[in-house]
Amino acid sequence: MGIGRNVVISFLALAGFLQLAAAQAPPPPGDAQVMEVEASKLLAEANDSRREQGVGLLRWDRALAAAALKHCMRMAAERQIAHQFAGEPDPAERAGEAGAKFSVAEENVAWASNPGSIHQGWMQSPEHRANLLSPRVDRVGIAVVLSRGHYYAVADYSRAVPALGQSEVEARIGAMVRAKGVAIKGDASDARAACAMEQGLPKSLSGLEPHFVIRWQDTELASLPKALVDRLRSGDYKQAAVGSCPTTRATGPFTAYRLAVLLYGPPSTNDVNPFY
C-alpha cells in the first residue's frame, strides 16, 4: 500500500486498524512517557541489521524524529496503531510539515508490551523488514512512547534531499554538463526564463538563440536526462546555459527540482524541444 509518490507503508498488526472514531486527536494520555533511550536502541539495532546486510547505515534526522513522536503520541492517545488517523496527514505529509526534505519516505509502526521485541517484530514482518533494510533510505527518526503499560513505536525513514538554492542547483547540473566537454555560460537568465515555460523560448533572449532546449523536473540531481546526455555526446554543442526555477507540477511533500538546459552549437539545426 502506498501513500504519495515513492512512499511505502506497511502494517505490523491488522488488529491495530480499528474503526477511526475521532476527527481530531484526543489529548495524549497523562501517563505518556517519551522513551528516548529505547528510540536510540532501535536506531542501533536497525543499523546493526543493515550492516549485516551490507546496506548503508541510517543517520538520525531531527525532523523525522519530530514527525514520528507526534504520530506516536497520537497512537498512544487512540490506544491503537495506524499510519493515519482521521483528520491527520499521511506519513509523508507529516514528515514534510516537520521540515524534512526527501525523495522517498517510508514508515513502520508498532505496539508491544516489551520494547525489546519491537525490532524483532519488524524484522520478522516482510514489509517492515523491507522498509528497515531498504537501500533507498538513508535517514530515520524514531519515537517510542510508554502509555498504560504498553510501548508504541514509530520509525520514519527517508532518502534525504539537500535543501539547495537556485545557484547551487544550477552549479550541480552545470558540473555534470561541463564534464561532458561543454562549457557553461556565466549568464543563466535565458535558461531560468526558459525553465519557467512549458515549451518554446522566451520572447526576449539576452544572447544567441539556442539550438536545443530541454526541461525536466525530478527529486534527484544525481544524473542528467538521457535525451540531454545523448545530445552532449554528439559533439555538436560547445556551450550550454543552465537554469533552475520553481517546480510547476505538484509533488506533494516530496522535494523536487525543475531545470532547463540550453545548448548552443553550429547554426545548422534549430531543434527546440518541449518539456521533457
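Modelled this way, with points 7 Å down the Cα-to-C-beta line, the labels at L205 and Q120 are 6.8 nm from one another.
Using the eigenvalues of the Cα gyration tensor, what equivalent ellipsoid semi-axes result for the range 107-218 when each is taken as the square root of five times the eigenvalue, whole Å, largest first?
50, 14, 12
Please give the length that would be gained between Q217 and W60 if that part of the chain were fully extended, namely 0.36 nm times their separation in residues minus their C-alpha to C-alpha distance (nm, one decimal). Don't skip to the answer; put the middle values down first.
Numbers: separation 157, 0.36 × 157 = 56.52 nm, distance 2.79 nm.
Length gained between Q217 and W60: 53.7 nm.
Modelled this way, with points 7 Å down the Cα-to-C-beta line, the labels at H150 and V229 are 5.0 nm from one another.
How big is the C-alpha Rg of the range 26-87 next to the rule-of-thumb value 2.2 N^0.38 Å, as a ratio?
Values: Rg = 14.2 Å, N = 62, 2.2 N^0.38 = 10.6 Å.
Against the empirical 2.2 N^0.38 Å value, I get 1.34 for the range 26-87.
On a straight-distance basis, which lysines could pair with K226 in a cross-link, Cα separation under 27 angstrom, same-chain partners fewer than 8 positions away excluded? Candidates past the 8-residue exclusion: K101, K180, K185, K238. For W111, the accessible surface of its heavy atoms amounts to roughly 120 Å² (probe 1.4 Å, protein chains only, rounded to the nearest 10). For Y151, the accessible surface of its heavy atoms amounts to roughly 40 Å² (probe 1.4 Å, protein chains only, rounded to the nearest 10).
For L232, L69, give the ranking by accessible area with the largest first, probe 1.4 Å. Before the final figure, lay out each step's value.
On the way: L232 10, L69 60 Å².
The ordering from most to least exposed comes out as L69, L232.
Counted residue by residue at 0.36 nm each, then reduced by the alpha carbon distance between them, the extension gain from Q166 to R136 reaches 8.3 nm.
Ordering E198, E170 by accessible area with a probe of 1.4 Å, largest first, what comes out? Walk me through the intermediate numbers first.
On the way: E198 100, E170 20 Å².
In descending accessible area the options line up as E198, E170.
Only protein heavy atoms count here; on that basis, with a 1.4 Å probe, H211 has an accessible area of about 20 Å².
Determine the per residue accessible area of the range 59-149 with all protein chains present and a 1.4 angstrom probe, expressed in square angstrom.
On the way: 3480 Å² over 91 residues.
The answer is 38 Å² per residue.
Close amide H contacts of H211 (hydrogens built in the peptide plane, cut-off under 5 Å, sequence separation of 5 or more or a different chain): L263, Y264, G265.
The values are calculated or read from the model by the stated rules, or taken from the named source; none is laboratory data. Keep in mind it's a predicted model, so treat the numbers as computed, not measured. Here Cβ is always computed from backbone atoms with ideal geometry, including for glycine, and neighbour counts include all displayed protein chains. To get the accessible areas, we keep the full protein, side chains included, count just its heavy atoms, and leave off ligands, DNA and RNA. Shrake-Rupley method; radii C 1.70, N 1.55, O 1.52, S 1.80 Å.
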